[in-house]
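S.K.: Encoded as structure tokens, here's the structure I'll be asking about.
The numbers here are math on the coordinates, done by the rules we state, and not lab data. Not measured: the values here are computed from a predicted model. Neighbour counts are summed over all protein chains in view; Cβ atoms, including those assigned to glycine, are modelled from backbone coordinates with ideal geometry.
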Amino acid sequence: MHRLQERLTKKRWESHDIKKTLKALDFPSTHRHIIVRHVSVITSILMILLGNFLASLAFIPLMLALKGWFLYFIVALVGFGIGLLFEILTRSISSLEHEHHVLLSLFIPFAALLTVIYIAVFANDIAFGFGIRNEHNPYWISITYAAAFLLPYAYYKFYLKKHYYSG
């Protein structure tokens, strides 16, 4: 006997109501539910990519004004914040399978790395165009961002040894 069925019987539910409830709970996902789930996952991924791009755009004035370790600290802080949001979002999507989490853990940081490289090169071009002598190595900035972006994932995965909800 199903455990829920036992509990509902103890609460004096009618047998036909118990059967309807159990049938509703065991009903497989409809095609519409599957589409909504896929759309929500794709929307979440696009929002993460947009967040990475907007964070990268915010680096342009910082790269024009700042030098040295303080710039790298700010880049790492923003990368950590966006990475934490990414980690929370991907951990909370229960419909993702283990393969999806692995794919996202590779794809999103790689996309963030490329975005920050592009924005850093763009900021260097702006600095050169305006005669500002404050150029930065785009690869070091992007590596700093990507490493900080991956810190929350590494913390959850290796230090806390937490696995994703579905994996």
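S.K.: Specify which residue in the list Trp13, Leu85, Leu46 is farthest towards the positive end of the charge dipole of the chain, using unit charges on the beta carbon of Lys, Arg (+1) and Asp, Glu (-1), about the Cα centre.
M.R.: Sorting the options by dipole projection puts first Trp13.
S.K.: Under a crude label model (7 Å from the Cα following the beta-carbon direction), how far is His38 from Leu106 in nanometres?
M.R.: Here the modelled spin labels are 2.2 nm apart.
S.K.: Ok, one more. Based on the alpha-carbon gyration tensor of the chain, what equivalent-ellipsoid semi-axes (square roots of 5 times the eigenvalues) come out, in whole Å, largest first? Walk me through the numbers before you get to the answer.
M.R.: Numbers: eigenvalues 467, 51, 27 Å².
Gyration-tensor ellipsoid for the chain: 48, 16, 12 Å.
S.K.: For the chain, what does the relative contact order come out to in percent, with C-alpha contacts under 8 Å and a separation of six or more? Walk me through the intermediate numbers first.
M.R.: On the way: 138 pairs, mean separation 49.2, N = 167.
It comes to 29 percent, rounded to a whole number.
S.K.: Test of understanding: what is the full-extension gain from Leu85 to His16, defined as 0.36 nm times their sequence separation minus their Cα-Cα distance?
M.R.: Stretched fully, the Leu85-His16 segment lengthens by 20.3 nm.
S.K.: Taking only DSSP H segments of four or more residues, each worth -39500 (n - 2.57), what value at 222 nm results for the chain once the sum is divided by all its residues, to the nearest 500 deg cm²/dmol? Provide the component values of the computation, followed by the final result.
M.R.: Numbers: 6 runs with 130 residues, N = 167.
Only helices count here, giving -27000 deg cm²/dmol.
S.K.: Turning to a different aspect of this structure: Which order do peptides 9-17, 111-119 fall in by mean Cβ count within 10 Å, highest first?
M.R.: 111-119, 9-17
S.K.: PRE reach from Leu151 (point 7 Å along Cα→Cβ): which of segment 40-83 fall under 18 Å by backbone N?
M.R.: The answer is 52, 55-56, 59, 68-83, whose backbone nitrogens lie closer than 18 Å to the label point.
S.K.: Can you find, among Leu106, Ile74, Phe59, the residue farthest towards the positive end of the dipole of segment 37-159? Put +1 on the C-beta of Lys and Arg, -1 on that of Asp and Glu.
M.R.: My answer, from the dipole projection, is Ile74.
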